[in-house]
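A short worksheet on the structure shown next.
The values are calculated or read from the model by the stated rules, or taken from the named source; none is laboratory data. Please read all numbers here as calculations on a predicted model, not as lab measurements. Cβ: placed from backbone, ideal geometry, glycine included. Neighbour counts: every protein chain shown.
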């Protein structure tokens, strides 16, 4: 499916969740944005790759980016924030400090807001901040879909932090 979408000119964002072994056979060459967490990132590296057993997330993210030079790699790290790698450029973003009640929708909120911001033409730094804020707000509430904040709430949260 990834290959077919790429040959038709689609821009592809792919989140490898959950890892189940099938991902080792995927062709990621047409993927424009790869979103992984710590476990997923290591599952995508060959077991013989030096970074596959690395404990440093930046090293792992860089290894994935080197393997997929046309791809933006976002490695999410929960309460430790995220790492975005594009070629030789690395951006680390810390997590927002919140009291987590239920982490069920954190990833969905993050990816949804990240993608919406990118589709709106926002630069990666702003899109990642939107995703991170949405994920942070989502974990402060119980539930899945019901915990995902609306855009006005995410924007207000970011504005309050910036001032």
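Annotations
- Taken over the range 24-58, the criterion of being in a helix (DSSP H, G or I) and either under 16 Å from the mean Cα position of the chain (by Cα) or modelled with pLDDT of 95 or more (or both) is satisfied by 38, 39, 40, 41, 42, 43, 57, 58.
- For residue 109: the one exception among (1) surrounded by 16 or more Cβ atoms within 10 Å (Cβ to Cβ); (2) within 24 Å of residue 32 (Cα to Cα); (3) out of contact with any strand residue (DSSP E or B) (no Cβ under 9 Å at 6 or more places or on another chain); (4) without any contact (Cβ under 8 Å) to a residue 40 or more places away in the chain: (4)
- Test for residue 142: is it in contact (Cβ under 8 Å) with a residue 40 or more places away in the chain and more than 17 Å from the chain's Cα centre (by Cα): yes
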